[in-house]
1. When you look at W135, is it within 16 Å of the ligand (Cβ to nearest atom), at negative phi and open to solvent by less than 40 Å² (accessible area, probe 1.4 Å), yes or no?
2. Within segment 170-211, how many residues are in a helix (DSSP H, G or I), more than 16 Å from the ligand (Cβ to nearest atom) and open to solvent by less than 30 Å² (accessible area, probe 1.4 Å)?
3. Considering only segment 288-309, state which residues are within 15 Å of the ligand (Cβ to nearest atom) and more than 21 Å from P384 (Cβ to Cβ).
4. Among the candidates L87, L118, L101, L111, which residue alone is within 24 Å of T27 (Cα to Cα) and modelled with pLDDT of 95 or more?
5. Residues in segment 90-101: is at least one small (G, A, S), under 22 Å from L167 (Cα atoms) and in contact with a Leu (Cβ under 9 Å, 6 or more places away or on another chain)?
6. Could you run through segment 367-388 and say how many residues are in a strand (DSSP E or B) and open to solvent by 40 Å² or more (accessible area, probe 1.4 Å)?
7. Residues of segment 443-476 being under 20 Å from L313 (Cα atoms) and under 28 Å from the mean Cα position of the chain (by Cα), which ones?
8. In the set V401, V408, which member is surrounded by fewer than 23 Cβ atoms within 10 Å (Cβ to Cβ) and among the β-branched types (V, I, T)?
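The values are calculated or read from the model by the stated rules, or taken from the named source; none is laboratory data. Small disclaimer: the values here were computed from a predicted structure and weren't measured. All Cβ positions, glycine included, derive from the backbone under ideal geometry; neighbour counts span all protein chains shown. Remember, those area values only see protein heavy atoms, side chains included, never the ligands or the DNA or RNA. Shrake-Rupley method; radii C 1.70, N 1.55, O 1.52, S 1.80 Å.
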Amino acid sequence: MVAQGADGGEAKNGSPIVIVSNRGPVTFSRDDSGTRTYSRGAGGLVTALNAVSRRQDEAVWIASATSDEDARVAGESREEPYEVEDLRVALVEHDEGAYDLMYNTLANPLLWFVQHGLYDLPYAPSLGDDTRRAWEEGYLPVNENFAGAVERVLESSSRGGGEPIILVHDYQLYMVPHFLRERLGDAPFVSLFVHIPWPDPEGWRVLPRYVREGVLRSLLRADVVAFHTDRYARNFVRTAREVLGVETDEEGGVVRYEGREVWARAYPISIDPGEFEELAESDAVLEQESSVRDLPGKLLLRIDRMDLSKNVLRGFQAYGRMLERHPEMKEEVTFLAGLQPSRGDIPEYAAYADAIQKAVEEVNDKHGTGEWQPVVLSMEDNFPRSVAAYKAYDVLLVNAVRDGMNLVAKEAAVVNEENGVLVLSENAGAQEELGEFAISVNPFDLDEGADAIHAALTMPEEEKKRRAEALKRQVRENTIEKWVEAQLKDIAAYREHHG
Ligand code: F6P
């Protein structure tokens with residue numbers, strides 16, 4: 001299988017495809033008998049990139065080694081990619097200290113917070129030596145390590161085909177295009193897909209100069225910089241113009257940099273609906289159903305990583321406010337919050353987990369009755385239970401401060417059996433596709449949130465059905481294959497355009 005041409009047909013040159021992301025499609029371990037085993041990575045990005053990988057038998061996926069056994073596989077895959085199921089993976093082992101600085105100081109607090117607008121700017125961030133060290137001794141070496149792995153994979157590739165297509169993913173790897181060009185020159189096609197929001201230029205300027213300019217200059221060495229929404233792509237073009245003073249065509253989504261043309265494009269990521277339909281009928285999910293369906297009253301649901309960007313606290317506050325304004329709703333609804341622990345080594349995340357527990361206690365103490373607990377909190381990674389809850393919810397709350405896309409909204413819509421209503425933040429990327437069938441909310445406005453939850457819980461059946469069916473249709477129509485096709489088509493168009 002080879003890359004597709006602009007007409008949807010196969011490209012003539014059979015370019016090898018290399019996917020690069022921090023998290024990989026599989027994590028290796030050893031079972032009790034000492035035999036190597038693996039588990040497939042969870043999460044939307046993995047599903048989406050699997051769809052890319054399946055497009056070409058010889059596509060290689062490069063990712064960080066995150067376990068001891070991964071490190072062994074990393075050693076073995078230095079010469080030749082490691083084959084697992086239908087995938088070919090090459091894992092990269094990083095220096096532990098460097099990876100820690102990249103992940104826990106530079107990428108997750110700093111870039112993540114800037115791009116999701118999470119800083120309380122009168123107080124944070126205070127940038128100093130720590131940030132510079134995390135950049136120089138963490139982010140840059142880890143990114144360079146990835147570029148080295150790409151070079152090795154391409155050297156060992158047996159294909160004699162055309163110039164490689166290198167698809168780099170996300171904010172942990174912004175400097176990879178820079179290091180790739182240093183090693184491989186201009187010939188390979190390089191794209192970087194940003195899976196999180198891109199802020200306006202003022203937001204980006206919170207970063208220290210060496211990061212804000214360094215990242216932009218690296219991204220502009222890619223051929224395409226991709227996002228989930230048009231708004232993020234436009235913000236990126238404006239940021240490049242205002243921060244670097246480069247020439248841009250905002251309408252056309254083009255930045256001109258050092259004699260080259262860089263395209264900023266939007267490809268709204270999707271899910272594999274079939275995979276979720278199948279999962280919904282699996283034994284693991286069916287076993288969990290009663291635990292979800294037996295909760296009293298209607299089911300108000302949220303499923304999120306425990307991340308500050310998800311706006312979990314205001315979700316509980318808005319719900320509490322709804323119960324204050326509509327005491328008749330007491331015992332008529334239960335709010336199930338499934339929150340998977342995430343990034344616990346970062347102090348802000350640890351503090352957030354505590355704040356969540358307190359907020360839940362407050363609502364439960366204030367509004368609970370002997371018989372009824374208004375909020376049921378589950379702080380564990382229980383995917384089958386989440387899918388069981390997707391099937392059963394009456395209202396799904398997605399009130400993110402900002403979110404690149406939010407795949408929960410899509411996954412849940414496909415398998416829901418109750419004509420459930422989506423309450424959706426106007427700052428989630430999913431708003432561009434799903435907003436017209438949801439109740440959209442300003443995630444900061446507790447009154448609006450309370451009204452939206454109430455309206456969703458009391459919506460007439462016919463209206464619920466109309467919206468739920470439209471949501472399902474929308475998600476099923478924008479398949480993950482279309483997401484891949486659109487990118488491959490643009491790659492062919494870009495190459496044609498640039499001779
Ligand atoms: O795009 C955001 C992302 O990188 C997703 O792939 C994933 O949902 C999440 O962040 C995971 O974060 P982490 O790799 O830090 O657990």
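1. Judged against the criteria, W135 is not a match.
2. Count: 8.
3. D307, L308, S309
4. On the way: L87 fails: modelled with pLDDT of 95 or more; L118 fails: within 24 Å of T27 (Cα to Cα); L111 fails: within 24 Å of T27 (Cα to Cα).
It is L101.
5. As a first pass, look at segment 90-101 and keep what is small (G, A, S): 90, 97-98.
Checking which are under 22 Å from L167 (Cα atoms) leaves us with 90.
Of the ones still in play, those that are also in contact with a Leu (Cβ under 9 Å, 6 or more places away or on another chain) are none.
Checked segment 90-101: no residue is small (G, A, S), under 22 Å from L167 (Cα atoms) and in contact with a Leu (Cβ under 9 Å, 6 or more places away or on another chain).
6. Residues that pass the stated criteria total 1.
7. Scanning segment 443-476 gives P443, F444, D445, L446, E448, G449, A450, A452, I453, A456.
8. Numbers: V408 fails: surrounded by fewer than 23 Cβ atoms within 10 Å (Cβ to Cβ).
Among V401, V408, only V401 is surrounded by fewer than 23 Cβ atoms within 10 Å (Cβ to Cβ) and among the β-branched types (V, I, T).
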